[in-house]
Number of protein chains: 2
Amino acid sequence: MDGRNRVIIEAASPEVDGGAFPAKRVTGDVVIAEADIFTDGHDLISAIVLHRHESQPEWTEVRMQALVNDRWRAQFPVEQLGFHLFTIEAWIDHFLTWHRDLKKRIDAKVTDDELDVQLRIGLEHIRAAAARANARDKRKLQGFIETLESGDTVKDKIADLWSQDLLDLMWRNAERRFATRYGHELQIEVDRPKAAYSTWYELFPRSTASQPGKHGTFLDVEAQLPRIARMGFDILYMPPIHPIGVNFRKGKNNKVAAEPGDVGSPWAIGGEEGGHKSVHPDLGTIDDFERLVNRAKELGIEVAMDIAFQASPDHPYVKEHPQWFLMRPDGTIQYAENPPKKYQDIYPFHFETDQWTELWDELRDVFAFWVRKGVRVFRVDNPHTKPLPFWEWCIRDLKKEWPDLIFLAEAFTRPKIMYRLAKAGYTQSYTYFAWRNTASELQEYFEEITKPPVSDFFRPNVWPNTPDILTEFLQYGGRPGFTMRFILAATLASSYGIYGPAFERYVHQAREHGSEEYLDSEKYEVKYWPPTDDDMTELIAAVNKIRRENLALQQNATLTFHPTDNEHILCYSKTAAENAVICVVNVDPHNAHAGWVDLDLEALRLEEGRPFQVHDLLSGARHTWHNGRNFVKLDPNVVPAHIFRIRRRVRTERDFEYFL
Amino acid sequence: MDGRNRVIIEAASPEVDGGAFPAKRVTGDVVIAEADIFTDGHDLISAIVLHRHESQPEWTEVRMQALVNDRWRAQFPVEQLGFHLFTIEAWIDHFLTWHRDLKKRIDAKVTDDELDVQLRIGLEHIRAAAARANARDKRKLQGFIETLESGDTVKDKIADLWSQDLLDLMWRNAERRFATRYGHELQIEVDRPKAAYSTWYELFPRSTASQPGKHGTFLDVEAQLPRIARMGFDILYMPPIHPIGVNFRKGKNNKVAAEPGDVGSPWAIGGEEGGHKSVHPDLGTIDDFERLVNRAKELGIEVAMDIAFQASPDHPYVKEHPQWFLMRPDGTIQYAENPPKKYQDIYPFHFETDQWTELWDELRDVFAFWVRKGVRVFRVDNPHTKPLPFWEWCIRDLKKEWPDLIFLAEAFTRPKIMYRLAKAGYTQSYTYFAWRNTASELQEYFEEITKPPVSDFFRPNVWPNTPDILTEFLQYGGRPGFTMRFILAATLASSYGIYGPAFERYVHQAREHGSEEYLDSEKYEVKYWPPTDDDMTELIAAVNKIRRENLALQQNATLTFHPTDNEHILCYSKTAAENAVICVVNVDPHNAHAGWVDLDLEALRLEEGRPFQVHDLLSGARHTWHNGRNFVKLDPNVVPAHIFRIRRRVRTERDFEYFL
């Protein structure tokens, strides 16, 4: 250590857990890097961010600007997938300090003798810079040196010193001998844009046949693709497509014993026909699957696989790798249980096995196998029941080879575990959204998950329903309940999904009172979803189109809540570049509500006292609002929400036609 | 790395900047150590804190308890000066998990076969523990094993398993093969209690002579000691006592040129007679100084030195070590300046000198010199104009040898620099208290500096005045202004100080309007402070006695503000063990104010609906309060504050006499 490195650099951002984990961004993002930078005394500081993609050997430097209270900032774009690194360097800039002080001295009319001494000090700085400079800069600096050495009058000598040229030359050739480097390099994990903005549709492929009683196939799924594309989804996620175990197979409605003909749960993976690298023969072949993947791609849809790391008693692993399971003293394999509940159709992996490295390698290979079949998006089942160190290794290892992979963590568990899974590498995460119903619950939760530090590592993907989750709100909220939960999901979060066939048809019957399980859930049986006009397709298509056409809805960082005077009305906005969207949602499915919303005009980059137009993208209506305080009324039986786009340049109502 | 270490440990506390700096405590404190600890799945975790004084080779283990939301806690006392280390270890406790699940299984009436398998699993755990145990534990565990192996009935076998003995034995001999250790060891810097609770009195020794016009001596200071002790101060701090430079000496009221007979500023250190290791001949000898230090000690007072690292042009360093100063191109030494201001009587050290290690060593030796004369407390002048890395090294190096040293940072500068000085090792810090006047300003500021993270490294020492700071509030607030600022300082902060002779006499005349400098400041002249009865001595003595007798006021961690309905009335409390003090202060020096205070009864550990007595320690009055909402009225011309002690066990007014 050189004790003359006097500058202190602290509290850099974005930084997750002191640099232990990367902050997440997507290509095209501009990273805003900040730090507290200061030193003793009155000297001026210069500071730079050094950044590079992991594949580049050389740092790129960006000069930092001082904000207030010793906070400094610079920004740089990230354009390449993988890890982008940055750190910070700062030094005392004796030339700049001298330059600032010279002005003050001249203003204070110091004596000529003193000025002469000061110019000699400046000359020393410039000479030293020239000695460090390349030939071109040296030539230019030489010019300044000559003026200082031979200028006729003090005035002449000084005039030259205010040139921006000199400042630039001195900046480029600054004395950085005692520069301080921040304690560590920080990582930005750069994903593709879909990591941040995605629209998911879930269906069971076996329930896609065109007639009742038939087991659907990948070909049947292909037939659904145009409709899914028309609705505006860009990810099609299917529960596990592998062979299903026979032993201890569950019956309809999760009955302990299956009856003949029962198809079992797709999550009881593995049978005679194979395990995690095979497909269920009734769905088709691996070739069929690849065809589906490619056909979907043509329509702008990616197929997401479900990866559930567990085995049915019939899984080939059980015979081939008994060491990967926990043996009980009676020689049987330990099945899944959460006493007193037993899941005898499921064997969990025994991650404390002596053969854990072999197990880890095989599980990683399951992902790799499907990546090679064209899959780039994985929804991982219950990742919180597998070791966190495994995920950290597995995801990082896979992304080394395929940095465009997206992993969605299906963990509904305690908050710190959900966050740690995200830090461990999950690209997106399921959330508690399904159980946040009131306006204040929604605001509190989304303020937590869309702002740093959480938003630096946790990307929410919100689902109003899943095959496991039919909330009380949907069970009893009627069609307005579905509509409002859908609009909230699609506008609060840049990534959302629906378990489609049930959601779009307003399916709301639970297996029993107090349960969130669907009655006759297709988790345990093949279903037939007849085509219908009486569903949410149109609204879904409209809202997804709004998402596509409004950049503001494709990110969460600018989410801002605005006060309303009715606790059932939630008002929030998002802005991005010139685009600004305000949503106002009645969250009570049973009653119409009216009230005043109080917009934070600054967050919307609107000027106080200047009218603006709001254009309801759902109804097409346009209103001119004259200030932040505005009246709204929303009847859930008509439509429970406004999605307003702000049209800024409106001057009077007559100008409406000029703006789209 | 072993991938089977499945437990995650995050966010330990106390932890300053991810462990980069120690958290501060004093001997006798109990450290509450916490962390987020969790794992995948449903297994139970066991966790311990490992801690040791740096001088001990072995860790002591303390079992942690789960709080809520995956937060765990343990506590341990710190009893020895220096650095105390701790870290955390946690593991999946398969025995505990099995034990918990066994109960659930029995409650769920599993089959006898299943129970038999489970008992065999438990037996394996106990056998493995016995194999790890020492002879004594092994014998005991053997007993449990025998029951399980040979018990007549399942019921017999199980009965034994619920014994606390077994749980204790299994805890002591737990399987910790896959334990996770927290990423780093955390440091607690343990100071002596005075670091946290101290009462400072500042005077200029040269102004202590018993008659006007005479230069005071250390002997004269001795004569003041009994009075200072009676007022209840335990630290006597004197500005620099070294020879004062002659060249460019400042005159009275900081005039640029001294007149004959002007004594100069004690901070222009160094003259013919010596530098930082010498005393001003007019004050006496080093022997006199040591005598003063010892005499003070007998009265319970420590003498604090002022260390100001700068030199007058006449300092011996200038000749002996010209390389420690910055030379200008004209061959003169760079004096202190903040252009256009010049301080030609002061040469700052040039910390970027090639001889920086020699300079550091010498400055460290200045402290060491005075430590060897008996000084243990240093007030450091303007530490923010010397490099932070220097302080980090210097203070740590000195405390290695003398861990009882106390360093007070006199830095009035930007907040991040003040905090960094505290992290760098300063024991106490001056604050912005002098300029926080309104109730809301005071509350906001003290909430920041008395709660973690700040309070883990920053110990406030609050001063209503200093020789440099005569605030507008004191200039225009009259005597009530002095009284209220004094009471606020002494009760809001466990450490405070006054620049005594001027404060206790209500000296309030500034050099000029808009200045915080005292008129005829004794920074530049010898003053005579005639004895008087018309001063604050009695109030000061009373309040310092209250501080001594109420543990609650000797710390800041429990400081709690309570709402009032009058913005001029500030109400706050402190509690420690059984002691609880409530202060109510009118912060308007010009008007009487009345209002309702709304006590947070929980913070005071008072029961709702149960009357309690408040005993005003200033006036002696006692009141019974029946709930949290109470009326107060404070006239600053009488006394601007209540300092209530809560007497808990009062039942009726008639019981008053039983409680002191």
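Observations, loosely collected:
- Coil-residue trypsin sites (Lys or Arg not before Pro) of region B:273-328, DSSP, other Cβ within 10 Å capped at 16: B:K277
- Value of D in µm² per second that Stokes-Einstein yields for region A:439-582, Kirkwood Rh from Cα pairs, at 4 °C (1.567 mPa s): 78
- Alpha-carbon centroids, region A:540-582 and region B:269-296: separation in whole Å: 72
- Sites B:H623 and B:R227, calculated FRET efficiency, Cβ-Cβ separation with R0 30 Å, nearest 0.05: 0.30
- For the protein assembly as shown, the ratio of Cα radius of gyration to the globular rule of thumb 2.2 N^0.38 Å stands at 1.10.
- Chain lengthening between A:K400 and A:A20 when straightened (0.36 nm per residue, less Cα-Cα): 135.0 nm
- Loop sites in region B:37-90: GluC sites (Glu not before Pro), DSSP, at most 10 other Cβ within 10 Å: B:E58
- Axis of helix A:286-298 versus longest Cα principal axis of chain A: the two differ by about 50°, to the nearest ten degrees.
- What the phi angles of region A:522-538 give under the Karplus curve with 6.51, -1.76 and 1.60, with θ = phi - 60°, is a coupling list of 6, 4, 10, 8, 7, 10, 10, 9, x, x, 8, 8, 8, 9, 8, 3, 5 Hz, glycine and proline written as x.
- The H on the amide N of B:Y432, modeled in the peptide plane, is under 5 Å from the matching H of no residue at least 5 residues off or on a different chain.
- Closest approach of a chain B beta carbon to the axis mapping chain B onto chain A (residue, whole Å): B:G18, 2.
- Distances between equivalent label points of A:G331 across the copies, with each point positioned 7 Å along Cα→Cβ, amount to 10.3 nm, shortest listed first.
- With a Förster radius of 41 Å applied to the beta-carbon distance between A:R127 and B:K255, the computed FRET efficiency rounds to 0.55.
- Förster radius 30 Å - calculated FRET efficiency between B:D534 and B:F412 (Cβ-Cβ, nearest 0.05): 0.45
- Using alpha-carbon coordinates, inclination of helix B:415-424 to the longest axis of chain B, degrees: 70
- Copies compared at B:R622 - label distances in nm, ascending, label defined 7 Å from Cα in the Cβ direction: 7.8
- Chain B: angle of helix B:112-132 to the longest principal axis, Cα-based, in degrees nearest 10: 50
- Across region A:270-362, the relative contact order, built from alpha-carbon pairs under 8 Å that are at least six residues apart, equals 25 percent.
- Reciprocal mean inverse distance between Cα atoms of region B:1-92 - Kirkwood radius, Å: 14.0
- Equivalent-ellipsoid semi-axes of region B:120-212, from the Cα gyration tensor, Å, largest first: 63, 16, 11
- Shown here for region B:434-526: GluC sites (Glu not before Pro) in loop regions (DSSP other than H, G, I, E, B) with at most 14 other Cβ atoms within 10 Å, namely B:E512.
- When only the Cβ of Lys, Arg, Asp and Glu is charged (+1, +1, -1, -1), the dipole of region B:378-535 relative to its Cα centre reaches about 620 debye.
- Where Cα atoms sit under 18 Å apart: lysine pairs in region A:340-450 separated by 8 or more or lying on different chains: 6
- Comparing region A:532-660 with the 2.2 N^0.38 Å rule of thumb, its C-alpha radius of gyration ratio is 1.05 (two decimals).
- Shortest-first nm distances, A:D152 label point to equivalent points in other copies (7 Å, Cα→Cβ): 12.4
- Global form of region B:426-482, assessed from the alpha-carbon gyration tensor, a/c cut-off 1.5: oblate
- Euclidean distance between Cα centres, region A:51-87 to region B:215-266, Å: 53
- Euclidean distance of C-alpha centroids, region B:326-401 and region A:113-146, integer Å: 30
- Hydrodynamic radius of chain A by the Kirkwood approach over all distinct alpha-carbon pairs: 28.6 Å.
No value in this document is a laboratory result; all are computed from the given coordinates. Here the structure is a predicted model, which is why all the values come from computation and not from measurement. Note: ideal-geometry Cβ built from the backbone for every residue, glycine included; neighbour counts use all protein chains shown.
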